């Protein structure tokens with residue numbers, strides 16, 4: 001069963017208690033008792049260890065008439081903590097999913113609407129190998145210019161930023177029982193974690209523009225989360241063959257932001 005994300009009047013992402021309870025496959029007859037416990041339990045929330053606060057962590061879902069079953073809107077953070085504390089056999093699946101939603105929400109905090117829209121369009125653009133390669137080359141060119149026209153230590157420098165190297169990818173390929181012989185980093189990542197290619201490309205692009213490392217990595221992380229949620233296809237377009245599932249990119253928006261991405 002899928003969890004449904006709703007947007008509150010304040011623009012906050014929430015989930016209903018009934019939806020979460022059903023997804024966790026908990027006994028229907030214990031709903032009332034369990035719900036009361038959810039709202040009075042002590043959790044390790046981000047600000048401190050405390051009980052949930054009404055109108056901050058949860059709010060009653062008002063339903064016309066006199067509903068037999070009460071329902072509440074739960075914040076994503078509280079829903080994740082409830083899930084982890086539950087005795088559900090499928091709790092890890094939903095805890096991970098909620099964690100991803102929470103990460104995306106936190107990454108987007110502080111960004112303007114235009115910045116979020118820009119990252120979303122970049123996410124779609126960077127599903128293409130040609131755009132990934134172009135971003136990497138732009139990053140490398142700036143590195144060379146900043147290091148006396150030398151390419152020395154480029155791969156070590158980039159591996160530190162991205163968090164992986166050719167050797168670490170080979171190890172992961174071996175753990176998956178797949179051959180890495182003759183494969184580039186991009187080819188290996190397609191089999192290990194294709195959305196990491198999107199993150200990498202966005203980081204390369206922004207660092208190639210001279211952005212700070214922390215900012216570039218934050219935007220890259222957000223792009224990867226977008227790519228996962230949208231479940232978009234990552235593909236090699238360099239051989240002249242497109243994809244039936246290629247995402248349409250708003251090039252005008254990217255150009256307006258000074259992001260030269262050839263598509």
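Some observations on this one:
- When 206, 226 are checked against the criterion of being free of Cβ contacts under 8 Å to residues at least 60 places away in the same chain, out of contact with any strand residue (DSSP E or B) (no Cβ under 9 Å at 6 or more places or on another chain), surrounded by 17 or more Cβ atoms within 10 Å (Cβ to Cβ) and not assigned by TED's automatic domain parsing to the domain that holds residue 99, a single residue qualifies: 206.
- Condition met for residue 29 (surrounded by fewer than 11 Cβ atoms within 10 Å (Cβ to Cβ) and at pLDDT below 90): no
- Residue satisfying all of: in the stretch 154-178; surrounded by 12 or more Cβ atoms within 10 Å (Cβ to Cβ) and more than 25 Å from the chain's Cα centre (by Cα); nearest to residue 235 (Cα to Cα) among these: 178
- The set of residues in the stretch 39-59 being surrounded by 13 or more Cβ atoms within 10 Å (Cβ to Cβ) and touching a strand residue (DSSP E or B) at 6+ places or on another chain (Cβ under 8 Å) consists of 39, 43, 52, 57, 58, 59.
The values are calculated or read from the model by the stated rules, or taken from the named source; none is laboratory data. Just so it is clear, the model here is predicted, and its values are computed rather than measured. Here the Cβ is made from the backbone with ideal geometry for all residues, glycine too, and neighbour counts use every protein chain on show.
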